[in-house]
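S.K.: Got a structure for you, questions after.
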Amino acid sequence: MTNGFINTLVAFLIGGATLCFNFKAVDASGTLLYDGEGTIVTLGDSYRMETPQMLIVSDGSTKGIYQKEIDEIVLQGVAAGGAASGVGASGSGASGSPAANSIQGIMDNPFAILRQAGDFYTVTTWKGGKKSISGAPGALPDKIELRSKAGAVYTIGILSAKKENSLDASSFVLDMDDYPTAVVTDLR
């Protein structure tokens, strides 16, 4: 069954948006793996995601990851198909390509986890505290829960969302001058 909320959320993000979120990961035994908040700014293939621990910036061909605690930057090429793998109009993923369906493909593209959720996870969305798969046209869910076949649970809460009408391309490139003491590893 298609989840209308997921399709609406992906379309909202690709069109240019800022989304504040919280993310919680719990493994199959119930152990908390991560619990934190962040912000993602998106436009087409590009995104900028920031949490208290790290900054990830991608212009669709290069991804920069700055790990704040250890003052390290890793630069990587984006997996085949670019950051937009799995977000095509058909909603079927990037034709089942290995890059789009791998963990690396999902890391290169935060939208892929939403589009491919039905393939790898059981998806539940909430609106107004109730389970739901759709809302009013253009409505976004309050919370998305992804449950893996192995029993891990990933919960994404949407704290706020707004459309962005004008975003500068430089927002999606890691400016190395901002991190003069960082150790840089270039894996491109």
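S.K.: Looking at this structure, is residue 59 touching a helix residue (DSSP H, G or I) at 6+ places or on another chain (Cβ under 8 Å) and farther than 18 Å from residue 157 by Cβ?
M.R.: Working: touching a helix residue (DSSP H, G or I) at 6+ places or on another chain (Cβ under 8 Å): yes; farther than 18 Å from residue 157 by Cβ: yes.
So residue 59 fits the description; yes.
S.K.: Against the conditions (1) open to solvent by 20 Å² or more (accessible area, probe 1.4 Å); (2) farther than 26 Å from residue 179 by Cβ, where does residue 44 fall short? Just the number, please.
M.R.: (2)
S.K.: Name the strands (runs of 3 or more DSSP E) wholly inside segment 18-69 in which the number of residues that are of a type outside the set (D, E, K, R) and closer than 22 Å to residue 150 by Cβ is 2 or more.
M.R.: Values: elements: 32-43, 46-50, 54-58, 62-67.
Here the list reads 32-43.
S.K.: For segment 23-41: of the residues being farther than 30 Å from residue 165 by Cα and among the polar types (S, T, N, Q), which is surrounded by the fewest Cβ atoms within 10 Å (Cβ to Cβ)?
M.R.: Filtering first and then ranking leaves 29.
S.K.: What are the residue pairs meeting all of these: first residue in segment 59-78, first residue closer than 24 Å to residue 16 by Cβ and modelled with pLDDT of 95 or more, second residue buried (at least 18 other Cβ atoms within 10 Å of the Cβ) and among the polar types (S, T, N, Q), Cβ atoms under 6 Å, and 6 or more apart or on different chains?
M.R.: Within 6 Å, no pair qualifies.
The values are calculated or read from the model by the stated rules, or taken from the named source; none is laboratory data. Model, not experiment: these values are computed from the prediction. Cβ: placed from backbone, ideal geometry, glycine included. Neighbour counts: every protein chain shown. In case anyone asks, the SASA skips ligands and DNA or RNA and just uses the protein heavy atoms, side chains included. Shrake-Rupley method; radii C 1.70, N 1.55, O 1.52, S 1.80 Å.
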